[in-house]
Structure formats: structure tokens, C-alpha cells
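The values are calculated or read from the model by the stated rules, or taken from the named source; none is laboratory data. All values derive from a computational prediction rather than experimental measurement. Note that we place each Cβ from the backbone using ideal geometry, even for glycine, and neighbour counts take in every protein chain shown.
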Amino acid sequence: MGNEWTVLPSNEADIDVVRERCRRLVRRRAAVSAGVAAVPIPGVDVLSDLRLFTQLIDEVNQEFGLSPAQIERMQPKLKLIAYEAVVSLGGMLVGKVVTRELVAAVLKRSAGKIAAKQAGKLVPIAGQIASATIGFFAFRQIGYQHVEACAKVARHVLAGAENR
């Protein structure tokens with residue numbers, strides 16, 4: 001809750017710093033996801049990924065100043081620019097109240113990787129390693145995509161603020 005009043009990064013350098021900090025956060029969460037994926041119980045990792053990814057999206061949005069509450073506190077022109085950027089740049093989870101259902105929809109786009117991860121659990125040791133590896137890279141990829149979407153929206157809002 002301490003970051004509740006974080007504002008949009010104020011320049012390109014701030015955006016880059018936040019981007020790198022969020023990418024580190026994604027890698028840490030992906031490693032946790034991989035650790036859970038190595039557990040040979042089918043389904044445990046999917047539930048864990050839903051929880052981890054929901055928290056990750058909320059935290060990344062917050063870091064960029066793009067949580068729903070933060071966007072609502074923006075000046076009207078900036079709020080409009082932010083919402084237009086989210087729509088035009090395709091940031092499906094930027095500025096949204098993130099629910100498990102929304103995260104599940106995003107994870108379904110990686111359904112093939114998830115299926116491979118689950119199938120890998122049926123083969124002892126090697127399957128667990130493969131499952132953890134697939135889980136790490138899938139989680140990291142989706143997380144990185146969200147970080148990049150947030151950075152694009154933040155840059156767009158920053159440009160709009162400078163052009164006012």
C-alpha cells in the first residue's frame with residue numbers, strides 16, 4: 001500500500017529505470033513459478049501461476065503509475081491520453097483491475113506451453129525439469145510483454161503531457 005500514490009514516471013530515464021525494475025520482478029516471479037512447476041502434482045502450478053501473475057500485473061501497473069486508481073487521479077487530459085494509449089497500443093492488462101479470470105484468459109494464449117508443462121509432470125525427473133523450464137520461459141515472456149506494454153503507455157502519456 002505504500003506505493004499507492006506512485007505517479008507516472010516523469011521522463012524517459014525514469015521509465016527505463018521502472019522498466020528494468022519490473023523486468024527483474026518478472027524474472028523473480030518466473031523463478032518462483034518454475035519452482036512450483038517442478039512439483040510433480042498436476043494443477044498446482046496453474047493455480048500458483050494465476051496468483052503470481054495477478055499480483056505481478058498489479059505491481060507492474062502500480063510501478064508505472066498505471067493502476068486503475070492512479071489513472072483515475074490523473075488530470076482529465078492525461079487520463080484520456082492514458083486510456084487512448086491502452087486501447088491503441090494493445091496493453092490488455094494495463095490500467096485494468098486484474099482478476100483471475102482476466103489472467104486466465106491471457107494464460108490461455110499460452111495454452112500449448114501449459115499443456116506441455118502438465119504433460120511433462122507424467123515423466124519423472126526429466127519431465128519435472130522440462131515443466132519448470134517451460135513454466136519459467138512462458139511466465140517470463142508474458143510478464144515481459146506486460147512490462148513493455150506499460151512502458152509504451154507511459155511513454156505515450158509522457159509525450160502527451162509534454163505536448164499540452
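Would you mind stating whether F53 is in contact with a helix residue (DSSP H, G or I) (Cβ under 7 Å, 6 or more places away or on another chain), crowded, with 17+ Cβ neighbours inside 10 Å and under 14 Å from V153 (Cα atoms)? No; evaluated as a whole, the condition is false for this residue.
Here V26, V60 are screened, and the one residue that is surrounded by 14 or more Cβ atoms within 10 Å (Cβ to Cβ), among the β-branched types (V, I, T), touching a Cys at 6+ places or on another chain (Cβ under 8 Å) and modelled with pLDDT of 90 or more is V60.
So if I check each of V46, V60, V26, V36, which one is touching a residue at least 40 places away in the same chain (Cβ under 8 Å), part of a helix (DSSP H, G or I), touching a Ser or Thr at 6+ places or on another chain (Cβ under 6 Å) and among the aliphatic types (A, V, I, L, M)? Quick ask: steps written out before the conclusion?
On the way: V46 fails: touching a Ser or Thr at 6+ places or on another chain (Cβ under 6 Å); V60 fails: touching a Ser or Thr at 6+ places or on another chain (Cβ under 6 Å); V26 fails: touching a Ser or Thr at 6+ places or on another chain (Cβ under 6 Å).
Criteria check complete, one pass: V36.
What's the number of the condition M74 fails, among (1) part of a loop (DSSP other than H, G, I, E, B); (2) surrounded by 21 or more Cβ atoms within 10 Å (Cβ to Cβ); (3) at pLDDT 75 or above? Status for M74: all satisfied but (2). When each of I134, I142 is tested for being closer than 21 Å to C22 by Cβ and either at pLDDT 85 or above or buried (at least 22 other Cβ atoms within 10 Å of the Cβ) (or both), the lone residue that passes is I142.
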